[in-house]
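Student: Would you mind keeping the following structure in view while I ask a few things?
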Amino acid sequence: MSRLRLGMVGGGEGAFIGAVHRMAAALDGDWDLVAGAFSTDGGRNTRTGALLGLDPQRVYPTLDALIAHEITLPADQRIDALAVVTPNHLHAPMAIAALDAGFHVFCEKPMAMSVVEAEAIAAAAKASGRHFALAFTYSGYPMVEEARARVERGDFGAIRLVQVEYLQGWLSQSIDTDGNKQAEWRTDPARAGLGGCLGDIGTHAFQLAEHVSGLSVQSVSADLTTHVEGRRLDDDVSALLRFEGGARGTLKASQVAAGEENGLRLRIHGERGGLDWSQMEPNTLTLRWLDRPAESVRTGGPGMLDTTATLVRTPAGHPEGYIEAFANLYRAFASAIRGDGGGNRGDGRWFPAVTDGLRTMRFIEAVIANAGADRKWTSVNPGENE
């Protein structure tokens with residue numbers, strides 16, 4: 001199989017997620033990073049390209065310059081896809097520009113700043129005939145695929161309960177005003193969008209809940225809170241979820257849960273049993289039953305479904321984690337571009353795409369609309385109803 005050529009916009013010196021994309025794309029030998037516009041700071045941009053060993057002629061000052069030059073190159077030299085790893089406000093214009101130029105796009109989440117922008121990306125992807133992928137990384141874990149497949153085949157019966165939580169503590173203090181680059185843009189409405197915690201990790205939780213349960217959320221009742229004084233966007237989210245078919249759920253996301261690291265956890269229960277998966281123990285999926293003891297299914301171990309096994313690289317007991325999950329998405333993305341039968345369910349591979357992006361953007365806007373509505377709370381103390 002020929003290696004595909006990747007370009008990148010954003011992800012320069014000092015950025016976190018750009019390096020993660022580069023490691024994930026390189027892991028299986030599907031991709032070569034050959035070009036980039038890594039930073040609007042010329043020095044940082046040049047240093048990043050040099051560190052990555054790129055041809056200086058393909059380290060561009062802007063995305064416009066990248067596209068203008070890459071489309072003049074022979075088809076076997078120009079980039080096949082662009083990774084967009086910028087702050088949120090640049091996702092839509094950059095993704096659309098790349099799609100319009102004929103390049104596939106792998107974009108960081110959330111998809112855009114609004115549903116309107118997300119719909120514009122969807123239209124550009126359809127018109128171009130190119131693939132658009134989103135970095136909902138956690139859906140790339142083998143045990144997440146195992147969970148999804150078991151729900152889909154009806155192991156637990158009709159789903160009744162979906163509970164997802166994503167707890168972090170890194171924004172418990174005002175580091176966003178103290179020079180922390182990663183915190184600073186995530187709490188700026190002009191660059192992060194309508195939601196802070198909601199758009200950052202709340203979308204991960206929502207996408208995971210829908211993806212594994214196979215159910216769509218129909219309505220929400222939500223509470224958005226900003227605990228750190230002076231912060232301009234939410235840092236804590238609680239939502240009640242009503243799914244199609246009558247299932248009920250809860251979503252809790254917080255970046256002020258002091259002491260928490262990256263506590264993403266999903267529990268789903270049906271008529272006959274349920275499952276429990278935690279991102280910080282990603283190689284174990286716990287299955288619970290009404291009529292027999294609980295089971296633990298382990299990555300690479302016995303009992304895994306054949307389709308899930310295609311996502312595993314090492315023998316049982318050799319931990320696989322975040323980078324490998326991300327690499328599963330890049331591998332499926334490459335497979336879809338090549339048209340070799342993989343990608344988005346072919347031979348067990350899948351990557352989040354336009355539908356996931358639109359769903360999460362609609363979730364963000366629904367939560368904000370509901371949380372801002374003049375709704376009533378019922379007090380547990382007589383005479384104190386609001």
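Student: Filter segment 135-167 down to residues that are closer than 30 Å to G259 by Cβ and hydrophobic (A, V, I, L, M, F, W, C), then give me how many there are.
Tutor: 9
Student: Taking the stated definitions as given, is Q77 touching a residue at least 40 places away in the same chain (Cβ under 8 Å), loosely packed, with under 15 Cβ neighbours inside 10 Å and either of a type in the set (S, T, N, Q) or farther than 21 Å from A334 by Cβ (or both)?
Tutor: Yes; evaluated as a whole, the condition is true for this residue.
Student: Which of the following residues is open to solvent by 70 Å² or more (accessible area, probe 1.4 Å) and over 18 Å from R130 (Cα atoms): T72, T86, T62?
Tutor: T72
Student: Those residues that are within 17 Å of P93 (Cβ to Cβ) and part of a loop (DSSP other than H, G, I, E, B), I need them from segment 57-72; list them, please.
Tutor: Listed by number, the residues that qualify are Y60, P61, T62.
Student: Could we say that Y138 is out of contact with any Asp or Glu (no Cβ under 6 Å at 6 or more places or on another chain), aromatic (F, W, Y) and part of a helix (DSSP H, G or I) here?
Tutor: Judged against the criteria, Y138 is a match.
Student: Under 22 Å from A325 (Cβ atoms) and touching a residue at least 12 places away in the same chain (Cβ under 8 Å): is that true of D234 in this structure?
Tutor: No, not satisfied.
Student: Okay, moving on. Of all residues in segment 278-293, count the ones that are open to solvent by less than 60 Å² (accessible area, probe 1.4 Å) and free of Cβ contacts under 8 Å to residues at least 40 places away in the same chain.
Tutor: Residues meeting the conditions: 3.
Student: Shifting gears a bit: Would you point out which residue out of A112, A75, A83, A95 is part of a helix (DSSP H, G or I) and either modelled with pLDDT under 95 or among the small types (G, A, S) (or both)?
Tutor: Going through A112, A75, A83, A95 in turn, the sole match is A95.
Student: In addition: Exactly one of (1) modelled with pLDDT under 95; (2) over 25 Å from I323 (Cβ atoms); (3) small (G, A, S) is unmet by A15. Its number?
Tutor: Checking A15 against (1) modelled with pLDDT under 95; (2) over 25 Å from I323 (Cβ atoms); (3) small (G, A, S), the one that fails is (2).
Student: Across segment 100-112, what is the total count of residues that are more than 18 Å from H21 (Cβ to Cβ) and either buried (at least 23 other Cβ atoms within 10 Å of the Cβ) or of a type in the set (S, T, Y) (or both)?
Tutor: 1
Student: If I ask for residues that are small (G, A, S), assigned to a helix (DSSP H, G or I) and closer than 12 Å to P87 by Cα, which ones from segment 188-202 would you list?
Tutor: Scanning segment 188-202 gives A190, A192, G199.
Student: Scan segment 193-211 for residues that are aliphatic (A, V, I, L, M) and at pLDDT 95 or above and jot them down.
Tutor: L198, I201, A205, L208, A209, listed by residue number.
Student: Mind checking which residues of segment 14-30 are in contact (Cβ under 8 Å) with a residue 12 or more places away in the chain and either closer than 12 Å to Y330 by Cβ or surrounded by fewer than 16 Cβ atoms within 10 Å (Cβ to Cβ) (or both)?
Tutor: Residues satisfying the conditions are G14, F16, V20, H21, R22, M23, A24, A25, L27, D28, G29, D30.
Student: Please go through segment 177-187 and pick out each residue that is open to solvent by 20 Å² or more (accessible area, probe 1.4 Å) and either part of a helix (DSSP H, G or I) or more than 22 Å from G259 (Cβ to Cβ) (or both).
Tutor: Residues satisfying the conditions are T177, G179, K181, Q182, E184, W185, R186.
Student: Quick check on segment 337-352: of everything there that is surrounded by 21 or more Cβ atoms within 10 Å (Cβ to Cβ) and modelled with pLDDT of 75 or more, which residue is farthest from E117 (Cα to Cα)?
Tutor: In this case the residue turns out to be W350.
Student: Considering segment 294-320 alone, what residues qualify as being open to solvent by 60 Å² or more (accessible area, probe 1.4 Å) and either in a strand (DSSP E or B) or polar (S, T, N, Q) (or both)?
Tutor: E295, S296, R298, T307
Student: What's the number of the condition V116 fails, among (1) without any contact (Cβ under 8 Å) to a residue 60 or more places away in the chain; (2) under 30 Å from G259 (Cβ atoms); (3) of a type in the set (A, V, I, L, M, F, W, C)?
Tutor: Unmet condition: (2).
The values are calculated or read from the model by the stated rules, or taken from the named source; none is laboratory data. Quantities reported herein were computed from a predicted structural model and do not represent experimental measurements. Heads up, the Cβs are rebuilt from the backbone with ideal geometry, glycines too, and the neighbour counts pull from every protein chain shown. Ligands, DNA and RNA are stripped out before the accessible areas are found, and what is left, the full protein with its side chains, is counted by its heavy atoms. Shrake-Rupley method; radii C 1.70, N 1.55, O 1.52, S 1.80 Å.
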